[in-house]
Amino acid sequence: MDILDRDIQYLKGVGPKKAYLLNKLNIKTFKDMIWHFPRDYEDRGNIRKIAQLIPGEKTTFYGYIYGEAEISKPKKNMSLIKFIVKDETGQVEIVFFNKVYLKKAITSGQRVMINGEVKKTFKGMQIVNPVLEKINQEEEEGRHGIVPIYPSTEGLSQNEILKIQRDMIRVVKESIVEYLPDELIKKHKLCHIQFALENIHFPNSVKSLKIAKYRLVFEEFLFLQLGLLKIKKDHTKEKEGIVLKKKEGIEEFIESLPFTLTAAQDKVVKEICQDLERDIPMNRLVQGDVGSGKTIVAIIALFKAVINGYQGAMMAPTEILAEQHYLSLTDLLSPFGIHVGLLVGSLSKSEKNKILNGIETGEINIVVGTHALIQEGVNFANLSLVITDEQHRFGVRQRSTLTSKGNNPHVLVMTATPIPRTLALILYGDLDISIIDHLPPGRKCIKTYSRTSNKRKEIYNFLGKQLDEGRQAYVVCPLVEESEAIDAQSATEIAEELSCDLLKGYKVGLLHGKMPPKDKEEIMKAFKEGNIQVLVSTTVIEVGVNVPNATMMVVENAERFGLAQLHQLRGRVGRGSHQSYCILINNSKSEISKARMAIMEKTTDGFVISEKDLELRGPGEFFGTRQHGLPELKIANLFKHLSVLKTVQAEVESIAEEDFSLTLDKYPILKRKIELEL
Ligand code: ADP
Ligand code: MG
């Protein structure tokens, strides 16, 4: 076995207990550990001798433990451990609060590195709760002021991770072989992988950290782009697509709709139709803010497929959404003799078989479903169009699996996630983009207010008034069950509280992800039909749910949500002609939180919101690849490292040109790596 694949618990000094904690950080093997990169670095500046320490300044120094540690208990719930650290120039007293367990580790004569703020007391120099690291001479000599800070978990200190990482590097360093082609390394002046890994963890200098980081960011983007390219190539090898002709009936269908298409929808429908009429497969992304009316655009495309004698499929990320699409499709299409089927995980075996059979014989023209659609055993008679709704919830793989069920079908992906065009082009490089850039007419702006929880009574009072007027409402809570880690109120609890107290007498329903699918369906149906007035829910309603009579949303613990997510949630109201409201209950006093809520109050434009979120929280939140169904990036950042991304993209394009079918035969190690990563 490759040493890198070894279980982390077998690294000397780790063992099952620490391994358990490391597992929580998704670190299972030696390799995972090495690829557990620092989230930040602390520049501990110049290392001083004890005699040079300046009170009030945060510094680092080396020394040795002198004598025994002394433990005292000045108060009931407080213990102190004190000891002396010396170097050849002086001594400092080290004090830790409530860390008596350190006693075992404090042995006279041990070399240590201390980092913290020095205070002057009447007895001399003192440091309280510093970062303390045991160290040997050799390490000390190689040390500079830059210290990594790792993502950690409760029970695992920075010092412990640091030590594990240091041992790890020593153990595996020699076994890491370079996997990037020489040519590429030279051309882009990349450093060797060994240097990169060593210096990303324990940089020799700011400069070597930079060099290491560049290499790792570069390769991460390289794998991402090559992987994406490979998927794309796999599916467009033979480029011949299915021509879906212009047919009579489309106009008639569009006229039969209960509303007139907006100009934006009309434009996008035309773009899609043009694609479908060509003999190369369509590959198009429809981007449109929540409520812009993407579904109908999809339905028109499906209609076109069916009147040409072919099948269509539409995949949604949740059962609730799939069910809802199923209902609207049936509603609009059955008058035209089009047979729509629903395929979700919760069907009984016989129901499922019936649907599968209908898909295979072609008796079902359009099938709507969840991930169930991409399972084995789903065979289409003649699939010509594949649509994925809320694309950002799916992996690239899943999208392409569905595509592979047809013979080069046309592909339409829909997303409400607003991303800047430059990024969209890179992320969805293979896709043409259509944008539905305005909402249907008559929508009233959703009035949004941020309030603290001491206003809950008034808020729910107001909500009751809406219900009295015949409207419905959502209450969104972040968690299902009470969790110690996050003190958010659970949906279950809130539903109880509302139905027994604040909204007594009204019909309150509960919806969360852990409920059996059948129950979810029933609740959703009851809400749609108005039999439930208030739906208390977790974020399962975040995507797509459409109940126009719902005009009010209360979000509990709104501070816990990303703005983009709040925006998606808020999109559940404001779908009908009545004035809608969104109340964000913000329990955080932080300025950033207040600023974020203020943005939500001010605008309903998804693009503006995502940009502001980016400004306030940094790119991690929004431009995470997970959002777009791509593998998680460990070090590269789509936003921060855009210029590296562009370089890589150009490189990947030239690799693709030379190696047309992307066999990567020239780069066997690289090839294996990409196959493993995606
Ligand atoms: P999203 O883009 O978020 O998926 P939907 O497709 O669910 O939005 O549409 C939101 C609501 O707007 C639905 O109730 C739909 O029937 C309605 N709608 C869509 N297009 C129009 C239109 N042109 N005029 C009026 N209402 C429309
Ligand atoms: Mg939608």
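The values are calculated or read from the model by the stated rules, or taken from the named source; none is laboratory data. The shown structure was predicted, so the numbers you read here are calculated from the model rather than taken from an experiment. When we count neighbours, we look across all protein chains shown, and the Cβ atoms used for this are built from the backbone with ideal geometry, even at glycine.
Within the bounds of the stretch 193-202, is there any residue that is exposed (fewer than 15 other Cβ atoms within 10 Å of the Cβ) and not aliphatic (A, V, I, L, M)?
Within the stretch 193-202 (the criterion being exposed (fewer than 15 other Cβ atoms within 10 Å of the Cβ) and not aliphatic (A, V, I, L, M)), the answer is no, since none of the residues qualifies.
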For this session: Please state which one of Val554, Val536, Val545 is farther than 25 Å from Glu458 by Cα and either outside any helix (DSSP H, G or I) or in the same structural domain as Ala316 (by TED's automatic domain parsing) (or both).
Result: Val545
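State the number of residues belonging to the stretch 568-589 that are assigned to a loop (DSSP other than H, G, I, E, B) and within 16 Å of ligand 2 (Cβ to nearest atom).
Number of matching residues: 6.
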For this session: Output yes when any residue across the stretch 129-149 is modelled with pLDDT of 90 or more and among the hydrophobic types (A, V, I, L, M, F, W, C), and no when none is.
Result: no
For this session: Starting from residues that are among the small types (Gly, Ala, Ser) and assigned to a helix (DSSP H, G or I), keep the ones in the stretch 246-300 and report whichever is nearest to ligand 2 (Cβ to nearest atom).
Result: Ala298
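Of a type in the set (A, V, I, L, M, F, W, C), within 27 Å of Leu439 (Cβ to Cβ), within 15 Å of ligand 2 (Cβ to nearest atom) and assigned by TED's automatic domain parsing to the domain that holds Cys477: does that describe Leu563? Explain how you work it out, then say what you get.
Numbers: of a type in the set (A, V, I, L, M, F, W, C): yes; within 27 Å of Leu439 (Cβ to Cβ): yes; within 15 Å of ligand 2 (Cβ to nearest atom): no; assigned by TED's automatic domain parsing to the domain that holds Cys477: yes.
Taking the combined requirement at face value, the residue does not satisfy it.
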Problem set entry | Evaluation of Asn531 against (1) over 25 Å from Asp605 (Cβ atoms); (2) in a strand (DSSP E or B); (3) out of contact with any strand residue (DSSP E or B) (no Cβ under 6 Å at 6 or more places or on another chain) (one fails), failing number | (2)
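For the stretch 517-533, name all the residues that are more than 27 Å from Asn461 (Cβ to Cβ) and either in contact (Cβ under 8 Å) with a residue 24 or more places away in the chain or of a type outside the set (Asp, Glu) (or both). Walk me through it before giving the result.
Within the stretch 517-533, the first condition is being more than 27 Å from Asn461 (Cβ to Cβ), and the residues that meet it are 517-522, 525.
Hits for the stretch 517-533 are Pro517, Lys518, Lys520, Glu521, Lys525.
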Exercise. Can you tell me how many residues in the stretch 252-270 are in contact (Cβ under 8 Å) with a residue 40 or more places away in the chain and over 14 Å from Pro441 (Cα atoms)?
Worked result: 6
Exercise. Would you say Asn546 is among the polar types (S, T, N, Q), in contact (Cβ under 8 Å) with a residue 24 or more places away in the chain and within 16 Å of ligand 2 (Cβ to nearest atom)?
Worked result: yes
Exercise. Within the stretch 454-473, is even one residue at pLDDT 95 or above, closer than 16 Å to Val573 by Cα and part of a strand (DSSP E or B)?
Worked result: yes
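List the strands (runs of 3 or more DSSP E) inside the stretch 316-396, counting only whole elements, that have at least 2 residues being modelled with pLDDT under 90 and closer than 29 Å to Gly249 by Cα.
Result: empty, no element qualifies.
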For this session: Select from the stretch 261-300 the residues that are away from ligand 1 (no atom under 13 Å from the Cβ) and over 20 Å from Asn407 (Cβ atoms) and list them in ascending order.
Result: Lys270, Glu271, Cys273, Gln274, Leu285
Exercise. Taking the stretch 157-190 on its own, how many of its residues are among the hydrophobic types (A, V, I, L, M, F, W, C), surrounded by fewer than 19 Cβ atoms within 10 Å (Cβ to Cβ) and not in a helix (DSSP H, G or I)?
Worked result: 2
Problem set entry | Only listed residue being farther than 30 Å from Leu633 by Cβ, free of Cβ contacts under 8 Å to residues at least 12 places away in the same chain and touching a Ser or Thr at 6+ places or on another chain (Cβ under 7 Å), chosen from Lys73, Lys49, Lys104 | Lys73
For this session: Check whether at least one residue in the stretch 282-292 is surrounded by 21 or more Cβ atoms within 10 Å (Cβ to Cβ) and at pLDDT 95 or above, and report yes or no.
Result: no
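Counting just the residues of the stretch 33-72 that are acidic (Asp, Glu) and closer than 26 Å to Lys18 by Cβ, which one comes out farthest from the chain's Cα centre (by Cα)?
Glu42
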For this session: Check the stretch 313-329 and report whether any residue there is surrounded by fewer than 20 Cβ atoms within 10 Å (Cβ to Cβ), closer than 21 Å to Glu521 by Cα and in the same structural domain as Met282 (by TED's automatic domain parsing).
Result: yes
Problem set entry | Single condition Gln265 does not satisfy, out of (1) surrounded by 14 or more Cβ atoms within 10 Å (Cβ to Cβ); (2) closer than 30 Å to Ser654 by Cα | (2)
Seminar exercise, completed: Over the stretch 405-436, the set of residues at pLDDT 85 or above and within 16 Å of ligand 1 (Cβ to nearest atom) is Leu412, Val413, Met414, Ser434, Ile435, Ile436
